[in-house]
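Okay, so here's the structure we're looking at.
None of the figures in this text is laboratory data; all of them are computed from the coordinates on show. Quick caveat: nothing in here was measured; it's all calculated off a predicted structure. Cβ atoms come from the backbone with ideal geometry, glycine included; neighbour counts cover every protein chain shown.
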Amino acid sequence: MKRTLATTSALALATGLLAAPAFADMEDAIAFLDEHIQRSALTREEQEAEMQWFVDAAEPFRGMSITVVSETITTHEYEANVLAPAFTAITGIQVTHDLIGEGDVVERLQTQMQTGENIYDAYINDSDLIGTHWRYQQARNLTDWMAGDGASVTNPNLNLEDFIGLSFTTGPDGLLYQLPDQQFANLYWFRYDWFTDPEIMSDFQEEYGYELGVPVNWSAYEDIAEFFTGREIDGQTVYGHMDYGRRDPSLGWRFTDAWMSMAGMGDVGEPNGLPVDEWGIRVNENSQPVGSCVTRGGATNDGAAVYAIESYTRWLNEYAPPAAAGMNFSESGPIPAQGAIAQQMFWYTAFTADMVGEGAAAVLDEEGMPLWRMAPSPHGVYWQEGMKIGYQDAGSWTLMESTPVDRAQAAWLYAQFVTSMTVDVEKSHAGLTFIRESTINHDSFTERAPQLGGLIEFYRSPARTQWSPTGTNIPDYPRLAQLWWQHIGDAASGSLSAQEALDNLCEEQEAVLERLQRSGVQGDLGPVLNEVQDAQYWFDQPGSPVARLDNEDEEPITVSYDELIQSWQ
């Protein structure tokens, strides 16, 4: 009896193991397309041609077993459970796609960098590490790879121009170091049904003197948070804000993921502020880090940074559910879907799939349409036009130099398979994390857009360029990232003031920069710290850092959601 992909996938899912197939050819590819690819940016003829290329290119590697790793999100679950078994059946390359926590991915990657041991044949790690990869040169730059050792296994239909996030994975040298696999943004989330309820709108207008709508600035967000907190709606007490505060690695991402730039810390620039970025680290004209504290020209502890942390802690304590302070990122994510949250400024679109699923009945109407919407996040009083206004995660394929060439070639085939134009539309419907322009503009997403609360409109809008990952100013992401959650935790718990916590943070960041400078491991790309000067010297220079404003209250501004969406179109 002919072996089908369906039975192969079932076996893989049931046992976690998958024996190398007896053969790998177009029969398996046709079975895969029939079973799983109903929607694609390519015609069926083009899909079959792309699959034939994978069959042919994989021929030298049949029977090889490789392992790859990613964090656990819906998109990667789809890859591990559907696409990995399909790839094995089609190519004869046995691939094990491990799903672990994001912090664990970074730890494994860091261990491979330090020891040279080949732990995984490829990593999907955030493009936040682009500055690390560019400086250490331990990740293969894909530009040279695709022209050299990887040429024979590089899909002629890869179509790099179709990827929307290549600026995030390109170093200052103009070379591509990572290939985006999934992207999602942090946006503003709110209960559209409540914000358009005439009685609620009238009450807000009477109390605050302006119209309830999508907040443009933090002043309006705080008013709305205050207005909704403690209000009874549909028989339940609601809260005007949602966040998390547990002392946990995810608390660090909460701030390096653009919260500080949303407040107005750092300089103008896309995709990241330059010379001072959203971590508060300044670089010189050669992209070498020169400081983090204000006294060296950094902004990690400047006025805008302190304002950002004080706003966060105040809103967490006054407007969020009491349990939020003890939650981490993963625990807090599903809470808005339970129906008692009015708005959330810092909401990741990776949770969209859960917001439209079976567990989200409290935020869906009788027809299953969302009662919520997403919109651009509001910005703080220090923010200026031209600054980034939010974070966009870009989990990206990374090939390490310590991985043997043949294993890297086989892993590169898998990376291209799961990002191929053949599969990307279906993968994006499963996980709603977009990497290709052709997918975003596919007719199936035009049809589905009303069910996704503004997600498609955002990704089709010119506004999305203001959302970006960590940039190239960060020379060693694993070492620096672990400092943030510990020091922010001191401010969140109240054990230190925001200023004290950020002073400690910037000093420890500079200690890491200084060690890198002394070691010389990053050569001419590594840190060269500025001499310490009086803070006022830097405050008197153009741009970042900035002194604390005497008055941080600004006139609250809101905008109609429907008018906002119309302006994007």
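Before moving on, here are some points about what is shown:
- Placing a pseudo-label 7 Å from each Cα along the Cα-to-Cβ vector at Arg231 and Arg518 gives an inter-label distance of 5.6 nm.
- The angle between the Cα long axis of helix 498-519 and the main principal axis of the chain comes to about 40°, on a 0 to 90 degree scale.
- Summing +1 for each Lys or Arg and -1 for each Asp or Glu among the other residues whose beta-carbon sits under 12 angstrom from that of Thr295 gives -4.
- Rounded to the nearest 20, the size of the Cβ-charge dipole of the chain about its Cα centre is 1500 debye, with Lys and Arg at +1 and Asp and Glu at -1.
- Here the 3J(HN,Hα) profile of the stretch 342-359, calculated from phi with Karplus coefficients 6.51, -1.76 and 1.60 at θ = phi - 60°, is 7, 7, 8, 5, 10, 10, 8, 5, 4, 7, 4, 4, 6, 6, 10, x, 5, x Hz, Gly and Pro shown as x.
- Shape of the stretch 269-390 from the C-alpha gyration tensor: prolate (a/c of 1.5 or more and a/b above b/c, with a ≥ b ≥ c the square roots of its eigenvalues).
- When both the stretch 78-95 and the stretch 273-348 are represented by their alpha-carbon centers, they are found 38 Å apart.
- The packing ranking, built from the mean of other Cβ atoms within 10 Å per residue, places the peptides 113-119, 460-466, 403-409, 79-85 in the order 79-85, 403-409, 460-466, 113-119, highest first.
- Summarising the strand pairing of the chain, around 70 percent of its internal DSSP beta bridges are antiparallel.
- With helices as the sole contributors, the chain gives -11500 deg cm²/dmol at 222 nm; each DSSP H run of n ≥ 4 counts as -39500 (n - 2.57), and the sum is divided by every residue.
- Per-bin percent of Cα-Cα distances, the chain [10 Å]: 3, 18, 27, 25, 17, 8, 1, 0
- From phi via Karplus (6.51, -1.76, 1.60), per-residue ³J(HN,Hα) for the stretch 380-394 in Hz, x at Gly/Pro: x, 5, 8, 5, 10, 4, x, 7, 5, 10, x, 9, 10, 5, 9
- Under 5 Å between amide hydrogens, built in the peptide plane, is the criterion, and for Ile233 it picks out Val238 among residues at least 5 positions away or on other chains.
- A Förster radius of 45 Å, combined with the Cβ-Cβ distance separating Ser497 from Ala151, puts the computed FRET efficiency at roughly 0.20.
- On Cα atoms only, tilt of 303-319 relative to the major axis of the chain in degrees: 90 degrees
- Prolate/oblate/rounded label for the stretch 195-273 (Cα gyration tensor, a/c 1.5): oblate
- Each residue, Asp406 and Gln52, gets one label point 7 Å from its Cα in the Cβ direction; the gap between the two is 2.8 nm.
- Packing order of peptides 33-44, 356-367, highest average first: 33-44, 356-367 (average count of other Cβ atoms within 10 Å over each peptide's residues).
- Relative contact order of the chain, defined on C-alpha pairs under 8 angstrom at six or more residues apart (%): 24 percent
- Look at where the Cα atoms of the stretch 368-408 and of the stretch 150-196 average out, and the two centres are 8 Å apart.
- The stretch between Asp540 and Glu507, if pulled fully straight at 0.36 nm per residue, gains 9.7 nm over its current Cα-Cα span.
- Qualifying GluC sites (Glu not before Pro) in the stretch 264-344, DSSP loop, other Cβ atoms within 10 Å at most 16: Glu285
- R0 of 22 Å, Cβ-Cβ distance Glu161-Ile30: FRET efficiency to nearest 0.05: 0.15
- For the pair Gln38 and Glu358, label points projected 7 Å from Cα toward Cβ lie 1.8 nm apart.
- Gyration tensor (alpha-carbon) shape descriptor, the stretch 55-169, a/c threshold 1.5: rounded
- Relative to the longest principal axis of the Cα atoms of the chain, the long axis of helix 218-228 lies at roughly 90 degrees.
- Each of Val381, Val106 has some number of other Cβ atoms within 10 Å of its Cβ, and from fewest to most they run Val381, Val106.
- Look at Glu270, Glu447, Glu508 and count the other Cβ atoms within 10 Å of each Cβ; fewest to most, that gives Glu447, Glu270, Glu508.
- Across the stretch 257-302, the fraction of Cα-Cα pairs farther apart than 16 Å, rounded to a whole number, is 25%.
- Couplings 3J(HN,Hα) of the stretch 266-281, computed from phi: x, 9, 5, x, 10, x, 9, x, 9, x, 9, 9, 7, 9, x, 8 Hz, in residue order, whole Hz [Karplus 6.51 cos²θ - 1.76 cosθ + 1.60, θ = phi - 60°; x for Gly and Pro].
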